[in-house]
1. Being part of a loop (DSSP other than H, G, I, E, B) and surrounded by 15 or more Cβ atoms within 10 Å (Cβ to Cβ): is that true of Leu12 here?
2. Just to be sure before I move on: is Ser82 under 15 Å from Gly222 (Cβ atoms) and buried (at least 20 other Cβ atoms within 10 Å of the Cβ) in the structure I sent?
3. Which residue out of Gln80, Gln60 is under 13 Å from the mean Cα position of the chain (by Cα), modelled with pLDDT under 95 and not small (Gly, Ala, Ser)?
4. Is it true that some residue in the stretch 116-139 is more than 20 Å from Val211 (Cα to Cα) and open to solvent by 60 Å² or more (accessible area, probe 1.4 Å)?
5. Is the stretch 161-183 home to any residue that is within 22 Å of Gln60 (Cα to Cα), open to solvent by less than 50 Å² (accessible area, probe 1.4 Å), assigned to a helix (DSSP H, G or I) and in contact (Cβ under 8 Å) with a residue 24 or more places away in the chain?
6. Under 8 Å between Cβ atoms, at least 6 apart or on separate chains: pull out the pairs that start in the stretch 128-157 with a residue that is in a loop (DSSP other than H, G, I, E, B) and end on any residue that is surrounded by 12 or more Cβ atoms within 10 Å (Cβ to Cβ) and among the acidic types (Asp, Glu).
7. In the stretch 30-56, how many residues are buried (at least 18 other Cβ atoms within 10 Å of the Cβ), small (Gly, Ala, Ser) and either more than 16 Å from Phe89 (Cβ to Cβ) or within 19 Å of the chain's Cα centre (by Cα) (or both)?
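The values are calculated or read from the model by the stated rules, or taken from the named source; none is laboratory data. Because the structure is predicted, anything quoted here is derived from the model rather than measured. Neighbour counts are summed over all protein chains in view; Cβ atoms, including those assigned to glycine, are modelled from backbone coordinates with ideal geometry. Calculation scope for accessible area: heavy atoms of the full protein, side chains included, ligands and nucleic acids excluded. Shrake-Rupley method; radii C 1.70, N 1.55, O 1.52, S 1.80 Å.
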Amino acid sequence: RSRSPIVADRLLEGLPPLQATELLYYRDPKLRASKTKVLFSDGRRVVLDRTIFYPEGGGQLSDTGTMEGKAGQAKVTEAQKSRGIVVHFTKGAALHEGDEVDCAVDWGRRMSLARHHSSTHILLGTARRVLGEHVWQQGAQKDVDKSRLDISHFEKLTPDQLRQIELTANRIILENRPIRTYFEERNKAEEKFGVRLYQGGVVHGSTSRVVEVEGWDVEACGGI
């Protein structure tokens, strides 16, 4: 359900040169609301100076919510990111360049997506332990109602293996292990964790965001 690179580039069609969007959801993942400034708006697409709305990426669907300004309230139906700029798709009141707006994330949706994203990391670590270290992530989707994980394996899983994966993953969840997220210089992260970091694909740039489920799974991941 992710946009193709061509469509992603079209997100910015007709936009003036803009600064990269400050990503508040990394600075404080618990931030539910913020006051921000509109840098661009064409009635449907809105770009802010900073945002609490996570844009679709890493198999995780985007946040939704509201923006409220002088003209009234607009609903944020989707957020997408391209070239460092987060574009919010809105319906409702027209927002204008220079407006100060109060933003609020649909927190129930955010928490469902975050839980499902964490669960795929736990599930991947579990599959490696039950099936073998050859297991590799081939794809994933984190939705509001469920998540999906695709893995490489040389045969169909047996009912006993599925049961063992289920019991082990649930045990790890009930242990309430800490999940750490941090940015680290890419070479340093690779020295510590190896190429297994890139289960979700190769990370571009000199810095990686690392998501670590204590003692169980470590991946380079931009998700929440």
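1. When the stated conditions are applied, Leu12 passes them.
2. For Ser82, the condition - under 15 Å from Gly222 (Cβ atoms) and buried (at least 20 other Cβ atoms within 10 Å of the Cβ) - is not met.
3. Gln60
4. yes
5. Yes, the stretch 161-183 contains a residue that is within 22 Å of Gln60 (Cα to Cα), open to solvent by less than 50 Å² (accessible area, probe 1.4 Å), assigned to a helix (DSSP H, G or I) and in contact (Cβ under 8 Å) with a residue 24 or more places away in the chain.
6. Matching pairs, first to second residue: none at all.
7. 1
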